[in-house]
Each structure stands twice: as structure tokens, then as C-alpha cells.
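To start, the structure under review is shown below, and the notes come after it.
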Amino acid sequence: MISALRGMKDHLPPNGQTYEYIIKICEEVAKNYGYSFIMTPHLEQTALFRRSVGESSDIVGKEMYQFIDKGENDVCLRPEGTAGTVRAFIEAKLDRAGGVRRYFYHGSMFRYERPQKGRLREFHQFGCECFNEPSVYEDASVILMINEIFSRLNIKTSLKINSLGDSSCMPAYREKLLKFLSSYEALICEDCKRRKDTNPIRVLDCKEQKCQEIYKDAPLIIDNLSAECKADFDKLQEILTANGIKFEIDSRLVRGLDYYCKTAFEFISDEIGSQSAVAGGGRYDKLVEYLGGKSSYGVGFAMGVERIMEILSSRENSTDREGIYICALDKEGLDIIHQAGINLRKKHKTNISYEAKNLQKHLKNADNLNAEIFLCMGENELKEGKIWYKNLKNKVEKTINLNELEGVLGE
Ligand code: HAM
């Protein structure tokens, strides 16, 4: 028996339907916010992620599904969606065309992490990226959009925000932080030593207890923002407050990817254990230029679909029953239920059973398929041109004329 790889998951029904449901809600909301669907390849040149996600990140440092393909190209399964979207944006010369562009995507991402609850090696993200909009109103809109998605999914989250400054304040802050770190060089962990040389601000994100003790006294970017960055961060808070969105300022929230500036945020759920971040994102105004394009603003987010599935499937009736199950008790009824089923399929999701078996077995089958409407032709119904109807959701039962079937089932 060949099993799935560690950290990789099958999504059988009804889990697959939960996935579809989440994506449907995300798409509806993203479209209302002006976003359009794009698809980019799962496989990209490794250099793309090295340059964007960054050498100091755990993703590039430890977690890439990287290999040399048959043409000797150094390639990598995408660990996230932003880098590929930016590459596609530049490659289509949209950086030169100007104008605001908003894209959404969903699909598999790959990170060779240690698998645990809520942490997979292949997982799915729904993400949005907005290009060429410098206004902090867009940062706020992105957060409002995520909030709307979670509210439609009926999921409670808490929001953490931070500002990481930009090139007007980050270099001076970096010097301050490096000076602070130089006194603790011998005490910090190996990862932090690496981060210190590549992207020092990421040390604040270290999970090691001994490092966290040291960083309690570290200078924070939030106290060192330029006037413009501070004004934007204040405005962001003002817009969120005006929209009734509660948030906490987490001055140590630096995110696990190197490309952020100014706004950074994370949505947390307390329903799924330690891997509690359900969405994260922020602004990345230098990334397009950094990947070889014409300087363009960028802001976006991604949410972890499996983590959201985990929340929804822990609830009762998480996936609503849907569709029809049509069957017969005896072989003589098969011609009729087949034809009726084919007609129903023009408008409704319909499972036709070609096995003549007893009622209990059919009902069990319909239940396994999560059907809403059960239609069964027995001996009497066959004689009378009728069919037995049971709504498996509200338990209503009746016998109906076959020629009235469509009317009863509606649109
Ligand atoms: P990220 O925070 O690395 O950001 O990932 C976004 C979300 O993906 C996380 O909040 C989490 O829900 C989910 N996730 C991450 N790793 C795993 C995993 N191993 N297993 C299951 N779920 C996971 C990004 O990827 C950025 N590209 C977001 C972004 C878009 N920023 C700007 N634009």
C-alpha cells in the first residue's frame, strides 16, 4: 500500500465541499473588493523565492521543496503566492503599464516544515495582491476584506497589526537594533545569529525562550517610525476603529517573510491550537523593484484554507446537505429513475443509484453522499407513476407524481 507523503493530505467529501465553500465565500468578497482571479505556476525558479521571501526566512533557509530538474534548472515548488504573482505582474509588463491592479488566487503551497496539527507540507492558500496603490486606505481595505470573509464564514478571529517602517526609517532602526544585538552576540541562538546578518528585525520573531528574554529590552521599530510611516499607521488604526474592527498592536510582529514594509498584520483564531494564524499579510512596496520590475507599490494577504477547514469541520452540520439521491427498490424501476435522474441533472446535483436494493441501504448511501433529497421508487410507486420523496434535512416525507417532480424540487 502506497500512502500519501508526510504532511500531505487528501480532502475527501465532505471536506472537499468545505474547501469549495470557503473558496466560494473568499471569491465573492474579493470580487466585491475589485479583485480578479489569476493563476501562476506551482513551480518557479528557486532564485525567485530566495530574492523575495528572503535568505533570512525559515522558508528559504530550511523549508523549500527545491530540486534540479532534468534540464539542470534550479527549481522550487512555491512556498507562497506573492512572489509568483509579482513575477507574473512584471513579466506581463504591467509594472510599466501603470494603474491599480488587484488579483486573487488560491491553490497549493509547499513548505518542508515539521508536520503537526494545522501545519502541513502541502497546504492551500487563498490570497490577494494589490499593485500600484500607495494609499493606506488600501491596507485598511485588505484587512476589512479579510474581516468580511471571516464574518461570512462565521469565524471569530483576533487581529494583530504592526508597522515595519520603510526606507526612511528602517536603516536607522536597523543600526540601533544591531548595536543592541552586538552586546548579546554570544547569547542568542544560531538562527538569530544568521538573521542578524541578513535581516536583523526578524530576530524579534524568534520562538526561543532565551532569545525572547533578551529581546524584551530591544528597541522597537514602532518607536522609531518616520513621520510619514507613523501618519499611515495612525490612519490605518483610525479606519479600522471607524469600521468597528478590534485590533491589538503587536510591536514584535515582523512576519516570517522578508519583503514587508509599513503595514504587517495577522489574524489569529483560538479554535485550532498552536498553529493559530489563519491569515497574514502586509505591504511590500520594494518587492516589484527588487524582482527586476519598475518600482510599484504592493499590499496583500493570504489565508490558510486547511486551518479554516479545521475550524468549520469541528462544528456540527459544517457541510450542508446538498443535491438529490434517486434510486429504485427493484430492477423494474431502473429505466424510470435513470431517465428522471438524467432530467434532474440539467438543474440539480443528482446521484443516481443503479443498484436495486432495500430502502435502508439506499438511505445509508444517500446519507454517506450527504444528499439533501432522497427519491425512491418502490413497487407501488412504479405502478402508480409516482416516487417517494424524503427531505433528509427537515425530514419531510411525501409521495409525488413523477411528472410533478421538477415543480416540487424547484430551481
Ligand atoms: P504566511 O503568513 O507565510 O504569508 O502564510 C499565510 C497563511 O498560510 C498563514 O497565516 C497560515 O494560515 C497558512 N499557512 C502557512 N504555512 C502553513 C502550513 N505549513 N500549513 C498550513 N497552513 C499554513 C504568506 O504566505 C504571504 N505570501 C502572505 C501575503 C500575501 N503577504 C502579502 N501578500
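Mind counting the residues in the range 198-228 that are among the hydroxyl-bearing types (Ser, Thr, Tyr) and surrounded by fewer than 20 Cβ atoms within 10 Å (Cβ to Cβ)? Give the derivation first.
Filtering the range 198-228 for residues among the hydroxyl-bearing types (Ser, Thr, Tyr) gives 198, 215, 226.
Remaining after also requiring surrounded by fewer than 20 Cβ atoms within 10 Å (Cβ to Cβ): 198, 226.
So the count comes out to 2.
Can you tell me how many residues in the range 106-115 are of a type in the set (D, E, K, R) and either more than 6 Å from the ligand (Cβ to nearest atom) or over 15 Å from His42 (Cα atoms) (or both)?
First, the residues of the range 106-115 that are of a type in the set (D, E, K, R): 111, 113-114.
Checking which are either more than 6 Å from the ligand (Cβ to nearest atom) or over 15 Å from His42 (Cα atoms) (or both) leaves us with 113-114.
So the count comes out to 2.
Inspect all residues belonging to the range 18-36 and state whether any of them is in a loop (DSSP other than H, G, I, E, B) and of a type in the set (Asp, Glu).
No, every residue in the range 18-36 fails to be in a loop (DSSP other than H, G, I, E, B) and of a type in the set (Asp, Glu).
Just wondering, is there one or more residues in the range 198-213 that are within 14 Å of the ligand (Cβ to nearest atom) and modelled with pLDDT of 95 or more? Walk me through how you get there before you give the answer.
Taking the range 198-213 first, the residues within 14 Å of the ligand (Cβ to nearest atom) are 202, 205.
Those still in the list that are modelled with pLDDT of 95 or more too: none.
No, the range 198-213 contains no residue that is within 14 Å of the ligand (Cβ to nearest atom) and modelled with pLDDT of 95 or more.
Among the residues of the range 298-308, are any more than 9 Å from the ligand (Cβ to nearest atom) and surrounded by 19 or more Cβ atoms within 10 Å (Cβ to Cβ)?
no
Quick check: is even one residue across the range 185-194 within 16 Å of the ligand (Cβ to nearest atom) and either under 30 Å from Gly7 (Cβ atoms) or β-branched (Val, Ile, Thr) (or both)?
Our first condition is that a residue be within 16 Å of the ligand (Cβ to nearest atom); within the range 185-194, this holds for none.
Within the range 185-194, not a single residue is within 16 Å of the ligand (Cβ to nearest atom) and either under 30 Å from Gly7 (Cβ atoms) or β-branched (Val, Ile, Thr) (or both).
Find all pairs meeting these conditions: Cβ atoms under 7 angstrom apart; at least six residues apart or on different chains; first residue within the range 277-288 and on the phi > 0 side of the Ramachandran plot and more than 9 Å from the ligand (Cβ to nearest atom); second residue among the aromatic types (Phe, Trp, Tyr) and outside any strand (DSSP E or B).
Listed pairs, sorted by first residue: none to list.
Just for strands (runs of 3 or more DSSP E) wholly inside the range 56-137: which have at least 2 residues that are in contact (Cβ under 8 Å) with a residue 24 or more places away in the chain and touching a helix residue (DSSP H, G or I) at 6+ places or on another chain (Cβ under 8 Å)?
Those strands (runs of 3 or more DSSP E) span 74-77, 101-110, 122-131.
Being closer than 16 Å to Glu129 by Cα and either part of a strand (DSSP E or B) or more than 16 Å from the ligand (Cβ to nearest atom) (or both) is the filter here; which residues of the range 242-268 pass it?
Cys261, Lys262, Thr263, Ala264, Phe265, Glu266
Going by the conditions given, is Gly293 over 24 Å from Cys192 (Cβ atoms) and without any contact (Cβ under 8 Å) to a residue 40 or more places away in the chain?
no
On the phi > 0 side of the Ramachandran plot, surrounded by fewer than 18 Cβ atoms within 10 Å (Cβ to Cβ) and either away from the ligand (no atom under 16 Å from the Cβ) or modelled with pLDDT of 95 or more (or both): is that true of Gly323 in this structure?
yes
Residue-wise test of (1) part of a strand (DSSP E or B); (2) over 30 Å from Lys156 (Cβ atoms); (3) at pLDDT 95 or above; (4) not aliphatic (A, V, I, L, M).
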residue: Gly333; (1), (2), (3), (4): no, yes, yes, yes
residue: Gly341; (1), (2), (3), (4): no, yes, yes, yes
residue: Asn351; (1), (2), (3), (4): yes, yes, yes, yes
residue: Gln360; (1), (2), (3), (4): no, yes, yes, yes
residue: Asn394; (1), (2), (3), (4): no, no, no, yes
residue: Thr399; (1), (2), (3), (4): yes, yes, yes, yes
residue: Glu406; (1), (2), (3), (4): no, yes, no, yes
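Select, from Tyr105, Tyr33, the only residue that is crowded, with 20+ Cβ neighbours inside 10 Å, among the hydroxyl-bearing types (Ser, Thr, Tyr), within 27 Å of Pro134 (Cβ to Cβ) and modelled with pLDDT of 95 or more. Before you say what the answer is, go through the steps one by one.
Working: Tyr33 fails: crowded, with 20+ Cβ neighbours inside 10 Å.
Among Tyr105, Tyr33, only Tyr105 is crowded, with 20+ Cβ neighbours inside 10 Å, among the hydroxyl-bearing types (Ser, Thr, Tyr), within 27 Å of Pro134 (Cβ to Cβ) and modelled with pLDDT of 95 or more.
Tell me which residues, restricted to the range 273-291, are in contact with a strand residue (DSSP E or B) (Cβ under 6 Å, 6 or more places away or on another chain) and of a type outside the set (A, V, I, L, M).
Across the range 273-291, the qualifying residues are Gln275, Ser276, Gly280, Gly281, Gly282, Arg283, Tyr284, Asp285.
Can you name the residue in the range 274-297 that is surrounded by fewer than 19 Cβ atoms within 10 Å (Cβ to Cβ) and hydroxyl-bearing (Ser, Thr, Tyr) and is also farthest from the chain's Cα centre (by Cα) among such residues?
Looking at residues that are surrounded by fewer than 19 Cβ atoms within 10 Å (Cβ to Cβ) and hydroxyl-bearing (Ser, Thr, Tyr), I get Ser295.
Could you list all residues from the range 116-140 that are farther than 18 Å from Ser269 by Cβ and either within 12 Å of the ligand (Cβ to nearest atom) or buried (at least 18 other Cβ atoms within 10 Å of the Cβ) (or both)?
Arg121, Glu122, Cys128, Glu129, Cys130, Phe131, Asn132, Glu133, Val136, Glu138, Asp139, Ala140
May I ask you to verify whether Ser57 is more than 19 Å from Phe110 (Cα to Cα) and either of a type in the set (Ser, Thr, Tyr) or surrounded by 19 or more Cβ atoms within 10 Å (Cβ to Cβ) (or both)? Before the answer, list the steps.
Numbers: more than 19 Å from Phe110 (Cα to Cα): no; either of a type in the set (Ser, Thr, Tyr) or surrounded by 19 or more Cβ atoms within 10 Å (Cβ to Cβ) (or both): yes.
Judged against the criteria, Ser57 is not a match.
If I go through the range 302-329 residue by residue, how many of them are out of contact with any strand residue (DSSP E or B) (no Cβ under 8 Å at 6 or more places or on another chain) and over 30 Å from Glu266 (Cα atoms)?
Adding up the residues that qualify gives 2.
Got a sec? Which of Arg195, Arg174 is surrounded by 18 or more Cβ atoms within 10 Å (Cβ to Cβ) and either outside the structural domain of Phe265 (by TED's automatic domain parsing) or not in a helix (DSSP H, G or I) (or both)?
Answer to the selection: Arg195.
The values are calculated or read from the model by the stated rules, or taken from the named source; none is laboratory data. Not measured: the values here are computed from a predicted model. Glycine gets a Cβ as well: all are built from the backbone with ideal geometry, and neighbour counts include every protein chain shown.
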